[in-house]
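Here's the structure we're looking at; comments come further down.
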Amino acid sequence: MSIQPSLTRLQYLCDTIPDLLTHIPETDFAHKPAPGKWSKKEMLGHLIDSATNNHQRFVRAQFEESPTIVYDQNNWNTYSHYNVLDSKQLILFWETYNRHLLALIPNIAPENLDKTCSNGGEAPQIIAWLFIDYVAHMEHHLKQMLTYS
């Protein structure tokens, strides 16, 4: 299972997305489309939460025996108060955290990429799969917020 295409894609996203996000007017960025639905700002916050939890998976699975690392995405979003935080700071934090993961992932020993972690799904997954899924999940939400190639 090759992580290289996902590394390349994450690099592209880090280089492209922040500028696109800064061009979203604040009223649009913070607008909640319906009660119980996330604003674009909260979606970005969700991606930050995903980065923090996946960071733990990528690191801890290397030295713990198949750890289980799950989180309640709605409560994380609610109690992080993303919709009232500064947009520029959130965009910078998203970019910085993902650039950190870009530096981390290539340094994971190849044999460690096959170590497992549970993310609350049916069965534990290997780190390589978790990283590929992380980038795909990110793109799913980014494409809900933006139009890009």
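At-a-glance table
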item	result
Among the candidates Leu142, Leu85, Leu101, Leu92, residue that is closer than 15 Å to Ile3 by Cα and out of contact with any Cys (no Cβ under 7 Å at 6 or more places or on another chain)	Leu101
Lys88, sole failed condition from (1) open to solvent by 30 Å² or more (accessible area, probe 1.4 Å); (2) in a loop (DSSP other than H, G, I, E, B); (3) touching a residue at least 40 places away in the same chain (Cβ under 8 Å)	(2)
Answer from Gln11, Gln56 - the residue that is touching a residue at least 12 places away in the same chain (Cβ under 8 Å), touching a helix residue (DSSP H, G or I) at 6+ places or on another chain (Cβ under 9 Å) and polar (S, T, N, Q)	Gln11
Residue match in region 7-29 (condition: crowded, with 16+ Cβ neighbours inside 10 Å and aromatic (Phe, Trp, Tyr))	yes
One residue from Ser2, Ser50 being of a type in the set (Gly, Ala, Ser) and assigned to a helix (DSSP H, G or I)	Ser50
Top-ranked residue of region 30-59 - restricted to ones that are touching an Asp or Glu at 6+ places or on another chain (Cβ under 9 Å) and among the basic types (Lys, Arg), ranked as farthest from Met138 (Cα to Cα)	Lys32
Filter result (within 17 Å of the chain's Cα centre (by Cα), free of Cβ contacts under 8 Å to residues at least 60 places away in the same chain and assigned to a helix (DSSP H, G or I)) within region 100-129	His100, Ala103, Leu104
Set Tyr97, Tyr71, Tyr148, Tyr134: member being open to solvent by less than 80 Å² (accessible area, probe 1.4 Å), under 13 Å from Ala51 (Cα atoms) and not in a helix (DSSP H, G or I)	Tyr71
Selection count, region 5-47, where residues are more than 30 Å from Thr116 (Cβ to Cβ), assigned to a helix (DSSP H, G or I) and hydroxyl-bearing (Ser, Thr, Tyr)	3
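The values are calculated or read from the model by the stated rules, or taken from the named source; none is laboratory data. Predicted model only: the values in this text are computed from it and were never measured. Here the Cβ is made from the backbone with ideal geometry for all residues, glycine too, and neighbour counts use every protein chain on show. All accessible areas refer to the heavy atoms of the entire protein, side chains included, with ligands and DNA or RNA removed. Shrake-Rupley method; radii C 1.70, N 1.55, O 1.52, S 1.80 Å.
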